[in-house]
Amino acid sequence: MEMQQFYYDNKIVKKFLYASIVFGIVGMLVGLILAILFLFPNMTDGISWLSFGRLRPLHTNAVIFAFIGNAMFAGIYYSLQRLLKARLFSDFLSNLHFWGWQLIIVAAAISLPLGYSTSKEYAELEWPIDIAIALIWVVFGINMIGTIIKRRERHLYVAIWFYIATFVTVAVLHIFNSLELPVSAMKSYSVYAGVQDALVQWWYGHNAVAFFLTTPFLGLMYYFVPKAANRPVYSYRLSIIHFWSLIFLYIWAGPHHLLYSALPEWAQNLGVVFSIMLIAPSWGGMINGLLTLRGVWDKVREEPVLKFFVVAITGYGMATFEGPMLSLKNVNAIAHYTDWIIAHVHVGALAWNGFMAFGMTYWLIPRMTKTQLFSKKLANFHFWIGTLGIIMYALPMYVAGFTQASMWKQFKPDGTLQYGNFLETVTQIMPMYWMRAIGGTLYLTGVIVLVYNIVRTVKQGSAVEDELAEAPALEKITTGRLKGEKFHPWLERRPIQLTILATVAILIGGIIQIVPTIMVKSNIPTIAAVKPYSPLELQGRDIYIREGCVGCHSQMIRPFRSEVERYGDYSKAGEFVYDHPFLWGSKRTGPDLHRVGGKYNDNWHFNHMWDPQRVNEKSIMPAYKWLFANKPMDYSTTEAKMKAMKTLGVPYSDADIANAQKSIQNQSESIEKNLYNDPDFVKSYEESKQKAAKNGETFVPMKDREIVALIAYLQRLGTDIKVKK
């Protein structure tokens, strides 16, 4: 048999791995800053691009797509070549993929702090960057599929099945969730509205976790754990069951993020059923990973790489048990909108993804630099301080979540709320926020230790070079099934058929859930009293989105006695038909705002946004003083925004659009007039006028500043429906 010589491309693996480490430090540092902002909310006072609302999506995007994404690509490109016994399809595409992905990350790092955000969880990036993501993802897919086609190994190993499912599903999710109508170079509106947008977003959001953070890392688990342990995968049959059941079931589970919301009941229940079923394949994968280590537990005690993998797989098992449990309605009623969800997410991110990435890094770098790891002791120190960091982070957040839920729902004997002031809950959980910051610091310390260890390892080793390999050419074979060959072994050597079947498996659930909600209008009943936002309110809503207010405030009152008593009547599906995008939120650091309109006067909102601690000294909300800056708000895009909304089905008339500027002036003048009811406002306002005149500056009336548009939006919320007590 003729042997062929070729070179594995290690340089592209090195690039992605180094990028993962660098962006890991950045993403976690931003996360630590956010944890500290809970303790010192005005630490970045007056700096808009360092505010909590703008930094939060930067943190999630940096950790998911920069740290974990780069580690994923490094692991896939390393393992893919060796499993297929072939160099990557194209060096040009590999480098285009790498540099394109890093440019996307840089674009996110610039645009999100500047306030360019769609507000959709894990999909906040605006439309030009969305297009770039799609194009670079296609480059990745072509490179992977091209490598599969020119392979020298006939059968596709289980890890590659997961890589294929990842590519196909993430492409589908990203494209459908990112359908948006551009208004300007960095502004767009989701084509979906309200309930429809919520369903599509969490179909994407849940499955971004499934197919970006889970399936590729399961593929990496199936490659790197057996390699590190020098043992075969525990069960080939279990890996088949694990793969097909996981990708089929996962895609249905998104609606469990929207339980007790305005989403139709049938969609909620469907999400619950399939979420519960997910326990089986998820734990099947965990068992397959852990039992691969049977017989080498003595080695686990010595090898830091195996330690990281064991805790990672255990974290995966914990998170995938907790996820289905959280989809039970009685549990979800307690956990949703609380810090329990923060704990759940970080067990998955810090343990499963983080520790898999660290273990893989410690395994790969010495092999590619042809040396030994500089210090196993430091790697073991990283393991233990990282594990302690996870515990110190997660446990307080579980306690905080239970505390929040129990206090929110507690009633006095006379039937009134025990804790009527939302801030009483916030005060109670502040010690847990301190512990979270300490846990995050410990985890980040471990990563810094990793950086030092890797730098010293690289310095003592050789330069990373392409690796010479040898394998026989793949002989042609009939496309039909061989004598005695079972279906799945046949499928494993037919990548096109495997890809088609995987695509069908993931599309079924999405089609059954989403099509009826999007296509059948009667599933989302309208309410005659609900009208489109005025031009000023529409602009104020965009400020709300820009400042990331949805990261701390929900706009979805669930049909619980405690929530109706606290916030007002529960939210109806028809109230959101003109909301592009929806803003239901996923965490309540502050109270729900769906019925806040008319609850306080304009002066209250004005003072609250200027200095929340002045309104209540225990508030942990930051000040938004840049909204009051002496510069006019840009209303030049108002008509374009209204036209875009009209295209999406919002019933703005031509007259509404033509009279937009006049409407803005009338409503803003009314709000400014109301502000004069506060003597303190009158005094400070007149003083600022005199100061501007003295300094020769142009003075901008308050009615033309951003804060007035935001007040207009807040005062509109929940006022379309009048409910008699």
(Q) Going by what's in this entry, would Phe6 be described as in a strand (DSSP E or B) and of a type in the set (Phe, Trp, Tyr)? (A) yes
Q.
Taking the criterion of being under 30 Å from Ala463 (Cβ atoms) and in contact (Cβ under 8 Å) with a residue 12 or more places away in the chain, would at least one residue in the stretch 384-392 satisfy it?
A. yes
**Q.** Wholly within the stretch 617-691, helices (runs of 4 or more DSSP H) carrying at least 3 residues that are without any contact (Cβ under 8 Å) to a residue 40 or more places away in the chain and either touching a strand residue (DSSP E or B) at 6+ places or on another chain (Cβ under 6 Å) or closer than 18 Å to Pro701 by Cβ (or both)
**A.** 660-675
Q.
Tell me yes or no: at least one residue of the stretch 157-168 is open to solvent by 20 Å² or more (accessible area, probe 1.4 Å), modelled with pLDDT of 95 or more and in a loop (DSSP other than H, G, I, E, B).
A. yes
Q. Residues Lys329, Lys377, Lys299: which one is farther than 20 Å from Ala71 by Cβ, within 23 Å of the chain's Cα centre (by Cα) and of a type in the set (Lys, Arg)?
A. Lys329
Q) Do we have any residue at all in the stretch 640-654 that's surrounded by 16 or more Cβ atoms within 10 Å (Cβ to Cβ), modelled with pLDDT under 95 and over 32 Å from the mean Cα position of the chain (by Cα)? A) no
Q: Just name the residue that is most open to solvent (accessible area, probe 1.4 Å) out of those in the stretch 492-551 that are under 20 Å from Gly194 (Cβ atoms) and among the hydroxyl-bearing types (Ser, Thr, Tyr).
A: Thr526
Q: May I ask you to verify whether Ile149 is under 30 Å from Met3 (Cβ atoms) and in contact (Cβ under 8 Å) with a residue 24 or more places away in the chain?
A: yes
Q) Residues in the stretch 379-392: is at least one within 30 Å of Gly590 (Cβ to Cβ) and buried (at least 21 other Cβ atoms within 10 Å of the Cβ)? A) yes
Q: Could you tell me whether the stretch 413-423 includes any residue that is of a type in the set (A, V, I, L, M, F, W, C) and more than 28 Å from Leu39 (Cα to Cα)?
A: no
Q: Examine the stretch 579-587 for a residue that is open to solvent by 10 Å² or more (accessible area, probe 1.4 Å) and acidic (Asp, Glu), and state whether such a residue exists.
A: no
Q) Hey, does the stretch 43-61 have a residue that's within 25 Å of Ile545 (Cβ to Cβ), β-branched (Val, Ile, Thr), under 23 Å from the mean Cα position of the chain (by Cα) and at pLDDT 95 or above? A) yes
Q. Restricting attention to the stretch 431-467, which residues are open to solvent by 20 Å² or more (accessible area, probe 1.4 Å), in contact with a Ser or Thr (Cβ under 8 Å, 6 or more places away or on another chain), more than 19 Å from Arg588 (Cα to Cα) and assigned to a helix (DSSP H, G or I)?
A. Arg456, Val458, Gln460
(Q) Could you check the stretch 660-701 and list, in sequence order, the residues that are among the charged types (D, E, K, R), within 15 Å of Leu536 (Cβ to Cβ) and either surrounded by 11 or more Cβ atoms within 10 Å (Cβ to Cβ) or in contact with a Ser or Thr (Cβ under 9 Å, 6 or more places away or on another chain) (or both)? (A) Glu669, Glu672, Lys673
Q | Residues that are of a type in the set (S, T, N, Q) and buried (at least 23 other Cβ atoms within 10 Å of the Cβ), drawn from the stretch 80-101 | A | Gln81, Ser94
Q) If a residue has to be open to solvent by 10 Å² or more (accessible area, probe 1.4 Å) and in contact with a helix residue (DSSP H, G or I) (Cβ under 9 Å, 6 or more places away or on another chain) to count, how many in the stretch 131-145 make the cut? A) 10
Q.
Checking Trp604 against (1) surrounded by 19 or more Cβ atoms within 10 Å (Cβ to Cβ); (2) farther than 22 Å from Trp49 by Cα, only one condition comes out false. Which one?
A. (1)
Q) Within the stretch 40-55, is even one residue buried (at least 20 other Cβ atoms within 10 Å of the Cβ), free of Cβ contacts under 8 Å to residues at least 40 places away in the same chain and on the phi < 0 side of the Ramachandran plot? A) no
Q | Count of the stretch 2-25 residues which are without any contact (Cβ under 8 Å) to a residue 60 or more places away in the chain and crowded, with 17+ Cβ neighbours inside 10 Å | A | 1
Q) How about the stretch 564-582: which of its residues are in contact (Cβ under 8 Å) with a residue 40 or more places away in the chain and either β-branched (Val, Ile, Thr) or under 24 Å from Ile429 (Cβ atoms) (or both)? A) Glu565, Arg566, Val577
Q) Does Ile334 satisfy the criteria of being β-branched (Val, Ile, Thr), over 20 Å from the mean Cα position of the chain (by Cα), modelled with pLDDT of 95 or more and under 20 Å from Gly446 (Cα atoms)? A) no
(Q) For the condition touching a Ser or Thr at 6+ places or on another chain (Cβ under 9 Å) and farther than 22 Å from Met360 by Cβ, what is the one hit in Ile240, Ile279, Ile287? (A) Ile279
Q.
Please return the ranges of helices (runs of 4 or more DSSP H) entirely within the stretch 197-280 where 1 or more residues are open to solvent by less than 10 Å² (accessible area, probe 1.4 Å), in contact with a Leu (Cβ under 7 Å, 6 or more places away or on another chain) and farther than 22 Å from Phe67 by Cα.
A. 215-229, 265-277
Q.
Of everything in the stretch 407-430, what is out of contact with any Ser or Thr (no Cβ under 7 Å at 6 or more places or on another chain), open to solvent by 20 Å² or more (accessible area, probe 1.4 Å), assigned to a helix (DSSP H, G or I) and touching a residue at least 24 places away in the same chain (Cβ under 8 Å)? Give them in sequence order.
A. Thr427, Met430
Q) Out of curiosity, is Pro612 more than 22 Å from Lys531 (Cα to Cα), crowded, with 17+ Cβ neighbours inside 10 Å and modelled with pLDDT of 95 or more? A) yes
Q. Looking at Gly509, Gly574, which is the one that is farther than 26 Å from Ser668 by Cα and under 24 Å from the mean Cα position of the chain (by Cα)?
A. Gly509
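The values are calculated or read from the model by the stated rules, or taken from the named source; none is laboratory data. From a predicted model like this one, the values you see are computed outputs, not experimental measurements. Backbone-built Cβ (ideal geometry, glycine too); neighbour counts: all protein chains shown. Remember, those area values only see protein heavy atoms, side chains included, never the ligands or the DNA or RNA. Shrake-Rupley method; radii C 1.70, N 1.55, O 1.52, S 1.80 Å.
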